[in-house]
1. What FRET efficiency do you get for TRP244 and LEU48 if R0 is 41 Å and r is their Cβ-Cβ distance, rounded to the nearest 0.05?
2. Provide the gained length on full extension for the span ARG603 to ARG547, in nm with one decimal, where the gain is 0.36 nm per separating residue minus the Cα-Cα distance.
3. Of LEU194, THR167, ALA226, which is farthest along the charge dipole of the range 140-290 in the positive direction, counting Lys and Arg as +1 and Asp and Glu as -1 at C-beta?
4. What ³J(HN,Hα) values, in whole Hz, does the Karplus curve 6.51 cos²θ - 1.76 cosθ + 1.60 give for the range 219-226 when θ = phi - 60°, with x put for Gly and Pro?
5. Normalised by the residues of the range 402-506, what does the relative contact order come to in percent, with Cα pairs under 8 Å and at least six apart?
6. Round to a whole angstrom and tell me the spacing of the C-alpha centers of the range 39-71 and the range 195-263.
7. Grab the beta carbon distance between ASP480 and ILE105, set R0 = 41 Å, and tell me the FRET efficiency rounded to 0.05.
8. Tell me, what is the FRET efficiency for LEU120 and ASP563 to the nearest 0.05, using R0 = 56 angstrom and their Cβ-Cβ distance as r?
Amino acid sequence: MRRHDGAPLSRLPGAASHVARTRRGDWRTIGTLLPYLWRYKVRVVAALVCLVAAKAANVGVPVLLKHIVDRLDRTTALLTVPLALLVAYGALRLSTTLFTELREILFARVTQRAVRTIALDVFRHLHALSLRFHLARQTGGLTRDVERGQRGITTLVSYALFSILPTLVEILLVAGILVARYDWTFIAIVGVALAVYIAFTIGITEWRTQYRRQMNELDSRANTRAIDSLLNYETVKYFNNEAWEAARYDESLQHWERAAVRSQTSLSALNIGQSAIIAIAVTLIVWRATVGVVNGTMTVGDLVLVNAFMIQLYIPLNFLGVIYREIKQALADMERLFELSSEYAEVRDRDGAPALAVSGGAVRFEHVGFAYEPARTILHDVSFAIPPGHTVAVVGPSGSGKSTLARLLYRFYDVTAGRITIDGQDLRDVTQASVRAAIGIVPQDTVLFNDTIEYNIAYGKPGAAHDEIVAAARLAQIHDFVASLPAGYATQVGERGLKLSGGEKQRVAIARAVLKAPAVLIFDEATSALDSRSEKLIQAELAEISRERTTLVIAHRLSTIVDADEILVLEAGRIVERGRHAALLAAGGAYARMWRLQQDEDRQRAGVAAAQQLSP
């Protein structure tokens, strides 16, 4: 079975056959990174030229030092050493640093721009993924994956291009000089030592990588638990569960601690082995050079040259093991970042899809069927129309599919069957951005940004003038409240708007939708967080706001939708009744039963309130 856009349903993240996340190979991860770097190929090539020049100068220093030593005389040392050699020696020393810093300067922009571009691409891709993906993910672990991945890119580029490649260039230059000037035993010792060292380092590091991956997983899990607990601070306090939350967090930290100890222990074993290999190789090289000097086949300068070469190789080669470990760790971190960037986007624009052309804002649901999971169908053959300027309300018990209609209209998901159109255009045939630009929504659960009230209202129309924001706030019946605050519209609302009451947050959401001035409005139980008085005040304003717009109202309290042009009653994903308020009451069906039940509840609440007022 396939979707409207041709993608097999088995590829959808929520499907039973959802493809599990697979581990990316290291070379595939590197291959993903390279195009970002190659965009700046001129700088890359220039940096590589500087790299080779720096290493050539570095290798030239011991060669000049050999000639200086060989020309020394006990009685007339300063006179027998040509001034040109001394000047050249100093110039090569300076050139090593100069070309190294030039390389850093040239490549700095490449590295940082690549990190910035990749981070921005991943950020945009995360916003492009469907609501299903974000409902299944935990924000704490997600942000930690992105953060580590960005650091991993910097580490990989820095170490691979500025440490491993220069070391390899230096090894090749030194090997060439040893082959050209001395017998085969020198290059044999160096070659065997390098081969053993590299094989040992790679083997042990590959084994150790499992601990790094475990640490990543456990670190993300601990971070997720911490953020989830702090975001739900009030709930933790309600149930006096601070100790419980601390114990859960500590459980994750204990697992992470064990993995970290294993990682450090194996690191120490690796360092000891590497040092032993290098120490043996240096000892053999110096011994062989000493024998050559004693036999007269080598000069003291040759001994100095060979020893200097080994010292030069020893330092970066010893560091090479550390670098390789860091690169493997960086690749493991980048692996998670690039997995996010390649996560399948369930809802995608067609190639060349045009923008939605809004004329009147007529909405039609035509035989719509939808399932979050193949075995759990939510909507069955739902059909209705909302003419321009009309209001259609949807009521029904919890779980009947009311809010799903809003999510489908906003194209958080694509329908499984049938189609949804605005002004005759299938939502799947136009761009998502244009669809969402034409729709304003006031959700049941309003979440605000941790910024000012003005910022949160202006989010409906970024760049709106202050007067426009105030006008929208007046329509939403929140201006007087905001004006009474010491900081006014500059008042900070706190994390997720927790400094505001539920009703205040809802009115900010209404103002935000009003400011957007969309052709289509969705009210998803928009007054559910308001008290009866506030609800009555806003109800008239909502009716005025909806007058010239196509409006879909999802309601629980039936008193809020008595003036709707049509009311749909949903049960188990099917429309069981439709009509105006009076006609549905007269029919005596499901709507009439819901109405009587809510009226009885309202009378009971009114009776309790009256009794409380009369009691002493």
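The values are calculated or read from the model by the stated rules, or taken from the named source; none is laboratory data. What you see is a predicted model, and the numbers here were worked out from it, not measured in a lab. Ideal geometry is used to build each Cβ from the backbone, glycine not excepted, and the neighbour counts take in all protein chains shown. Ligands, DNA and RNA are stripped out before the accessible areas are found, and what is left, the full protein with its side chains, is counted by its heavy atoms. Shrake-Rupley method; radii C 1.70, N 1.55, O 1.52, S 1.80 Å.
1. Details: r = 56 Å, r/R0 = 1.37.
The formula returns an efficiency of 0.15 here.
2. Details: separation 56, 0.36 × 56 = 20.16 nm, distance 3.10 nm.
The span from ARG603 to ARG547 would gain 17.1 nm if fully extended.
3. Ranked along the dipole, the leading option is LEU194.
4. Each residue of the range 219-226 in turn: 5, 5, 5, 5, 5, 4, 5, 5 Hz.
5. Numbers: 76 pairs, mean separation 28.5, N = 105.
Relative contact order here is 27 percent.
6. 44 Å
7. Details: r = 58 Å, r/R0 = 1.42.
According to the calculation, E is roughly 0.10.
8. Taking R0 as 56 Å, the efficiency between LEU120 and ASP563 is 0.75.
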